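The values are calculated or read from the model by the stated rules, or taken from the named source; none is laboratory data. Keep in mind it's a predicted model, so treat the numbers as computed, not measured. Glycine gets a Cβ as well: all are built from the backbone with ideal geometry, and neighbour counts include every protein chain shown.
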């Protein structure tokens, strides 16, 4: 009898592309749920949002949402992280490629240009959600830890920005590092972004330029590095004085 105990199996090996397809579909489903959750939390607030409403908006079942995120508070936390980062990759913001580009920049202007664009884009995606978390923390004790964590992360980013500035230019003589961090922390406040873009009609680009200009003018010793602000305010526009052309008679008398 032929001994086949050590014969190699002829079973077909697993196809790698099937695993890749499953991973892609799972990623797309997660992104769809988080996008729907973000919209629901901004629209209805934390108290008015339910797992059912998020599942309905995402086109999935309630068990799918619950299996992926568990509780509503964890869903909000994941939705905020997704909005800040712009994707579901678990890479912290300050470890992403944009931060490496900013760290390699040669001047204050180049550094603030990179930072300002990324922060403004992140604020546009996440500011409303962060405010929903702050509001929920006032009535839901389980949300207070998330609110504190969000404020701490903002302080960490502000410190990173200030340290990046000081490697390229000294701070103003009267400004300490702690004061500089507090100033940047305040400029990054989601309340300010929402007030300017929603209540006052600013564009994201206008906020971006305002942030860059404010950081440079308030903190950096050399004002020559400050980018020009591009705010379109009619109250600042002044008509140019026009000098009339001299008449032929005036020309003859010269």
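For (1) modelled with pLDDT of 95 or more; (2) assigned by TED's automatic domain parsing to the domain that holds residue 125, each residue gets a yes or a no:
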residue	(1), (2)
49	yes, no
59	yes, no
73	no, no
76	yes, no
102	yes, yes
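Would you confirm, using the coordinates I've provided, whether residue 25 is modelled with pLDDT of 95 or more and more than 30 Å from residue 111 (Cα to Cα)? So residue 25 fails the test.
Within region 78-86, is there a residue that is within 30 Å of residue 219 (Cα to Cα), in contact (Cβ under 8 Å) with a residue 12 or more places away in the chain, assigned by TED's automatic domain parsing to the domain that holds residue 219 and touching a helix residue (DSSP H, G or I) at 6+ places or on another chain (Cβ under 9 Å)? No, that holds for no residue. Taken together, the residues in region 138-152 that are buried (at least 16 other Cβ atoms within 10 Å of the Cβ) and within 27 Å of residue 180 (Cβ to Cβ) amount to 3.
Annotation note: Cβ proximity below 7 Å between a residue of region 140-169 that is over 26 Å from residue 75 (Cα atoms) and a residue that is in a helix (DSSP H, G or I) and at pLDDT below 95 (sequence gap 6+ or interchain) occurs for 169/225. List the pairs whose first member sits in region 183-208 and is outside the structural domain of residue 157 (by TED's automatic domain parsing), whose second member is modelled with pLDDT under 95 and surrounded by fewer than 16 Cβ atoms within 10 Å (Cβ to Cβ), and whose Cβ atoms are under 9 Å apart, counting only residues at least 6 apart or on separate chains? Close Cβ pairs (under 9 Å, with a partner that is modelled with pLDDT under 95 and surrounded by fewer than 16 Cβ atoms within 10 Å (Cβ to Cβ)) do not exist here.
Set side by side, the residues 124, 95 differ, and just one is without any contact (Cβ under 8 Å) to a residue 12 or more places away in the chain and either out of contact with any strand residue (DSSP E or B) (no Cβ under 8 Å at 6 or more places or on another chain) or farther than 15 Å from residue 188 by Cα (or both), which is 95.
It is to be established whether one or more residues within region 95-103 are more than 25 Å from residue 215 (Cβ to Cβ), more than 14 Å from the chain's Cα centre (by Cα) and assigned to a helix (DSSP H, G or I). Working first, answer last.
Step one: of region 95-103, the residues more than 25 Å from residue 215 (Cβ to Cβ) are none.
There is no residue in region 95-103 that is more than 25 Å from residue 215 (Cβ to Cβ), more than 14 Å from the chain's Cα centre (by Cα) and assigned to a helix (DSSP H, G or I).
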